[in-house]
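Colleague: Here you go, one structure.
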Amino acid sequence: MEKYLEVGQIVNTFGIKGQVKVVPFTDDIRRFDELKQIYIQKKNNLESFEIEEVKYHKNMVLLKLKGIDTVEEAEKLRNCYIKIDRKNAKKLPEGTYFIADLIGLEVYTDEDKLLGKVDDIYNTGSSDIYVVKDEKGKQILLPAIKEVIKKVDLENQKIIVHIIDGLI
């Protein structure tokens, strides 16, 4: 399991005092109110930052980070990902998972046929869609509904699915 979880991406600067504009990757945008420290990934390095202020603007998060006081300093963070330590993550309700934990899991049918691995997950509003890729690169799109996703086994790194008519 990943030690750090992505919670957003810095997409721009905001104002003249070094604030950054963040696209949140969380279901609850107000989650940022509870964060005191974040990590920003620059290339292969994680740098720790203390959050001084959080504001919201049009479904975006505006962050003022300690030590980032000018537009020029904030500009250097553009396109970087924001991560938090897993121990600071919110507890998820039973039957829900962090996307980072699902990516790479092997997907088997309830008849024990390997379909491939989870390559990506899209949120369509009503449900998530799991993108499963086989070894040849062929994609299968599976809706994350209880009729299809029968079991997620993080310990054994696999997902069991039931293929309903018309899916494949």
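Colleague: Counting only residues that are surrounded by fewer than 16 Cβ atoms within 10 Å (Cβ to Cβ) and either part of a helix (DSSP H, G or I) or among the small types (Gly, Ala, Ser) (or both), how many does the range 1-28 have?
Modeller: Residues flagged as surrounded by fewer than 16 Cβ atoms within 10 Å (Cβ to Cβ) and either part of a helix (DSSP H, G or I) or among the small types (Gly, Ala, Ser) (or both) within the range 1-28 amount to 1.
Colleague: When residues of the range 35-59 are filtered for being within 18 Å of the chain's Cα centre (by Cα), outside any strand (DSSP E or B) and within 15 Å of residue 21 (Cα to Cα), how many remain?
Modeller: Residues in the range 35-59 being within 18 Å of the chain's Cα centre (by Cα), outside any strand (DSSP E or B) and within 15 Å of residue 21 (Cα to Cα): 1 in total.
Colleague: Now for a separate question. Could you check residue 72 against (1) of a type in the set (Asp, Glu); (2) outside the structural domain of residue 154 (by TED's automatic domain parsing); (3) touching a residue at least 24 places away in the same chain (Cβ under 8 Å) and say which number it fails?
Modeller: (3)
Colleague: Out of 115, 62, which single residue is of a type in the set (A, V, I, L, M), in contact with a Ser or Thr (Cβ under 8 Å, 6 or more places away or on another chain), assigned to a strand (DSSP E or B) and surrounded by 11 or more Cβ atoms within 10 Å (Cβ to Cβ)?
Modeller: That would be 115, the only listed residue that is of a type in the set (A, V, I, L, M), in contact with a Ser or Thr (Cβ under 8 Å, 6 or more places away or on another chain), assigned to a strand (DSSP E or B) and surrounded by 11 or more Cβ atoms within 10 Å (Cβ to Cβ).
Each row is one residue, and each column tells you yes or no for (1) in the same structural domain as residue 113 (by TED's automatic domain parsing); (2) surrounded by fewer than 16 Cβ atoms within 10 Å (Cβ to Cβ); (3) not in a loop (DSSP other than H, G, I, E, B).
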position	(1), (2), (3)
130	yes, no, yes
137	yes, yes, no
142	yes, no, yes
147	yes, yes, no
150	yes, yes, yes
156	yes, yes, no
168	no, yes, no
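Colleague: With respect to the numbered conditions (1) modelled with pLDDT of 95 or more; (2) in contact with a strand residue (DSSP E or B) (Cβ under 9 Å, 6 or more places away or on another chain), which one is the sole condition not fulfilled by residue 69?
Modeller: Just one mismatch for residue 69, condition (2).
Colleague: When you go through 39, 56, 81 one by one, which is the residue that is among the hydroxyl-bearing types (Ser, Thr, Tyr) and under 30 Å from residue 149 (Cβ atoms)?
Modeller: Testing whether each residue is among the hydroxyl-bearing types (Ser, Thr, Tyr) and under 30 Å from residue 149 (Cβ atoms) leaves just 81.
Colleague: Now for a different question. Here is a check on your reading of the model: is residue 70 loosely packed, with under 13 Cβ neighbours inside 10 Å and under 21 Å from the mean Cα position of the chain (by Cα)?
Modeller: no
Colleague: What residue, of 16, 29, 40, is out of contact with any strand residue (DSSP E or B) (no Cβ under 9 Å at 6 or more places or on another chain) and touching a residue at least 24 places away in the same chain (Cβ under 8 Å)?
Modeller: From the options 16, 29, 40, the qualifying one is 16.
The values are calculated or read from the model by the stated rules, or taken from the named source; none is laboratory data. Computed from a predicted structure; not experimentally measured. Virtual Cβ from ideal backbone geometry, glycine too; neighbours counted across all protein chains shown.
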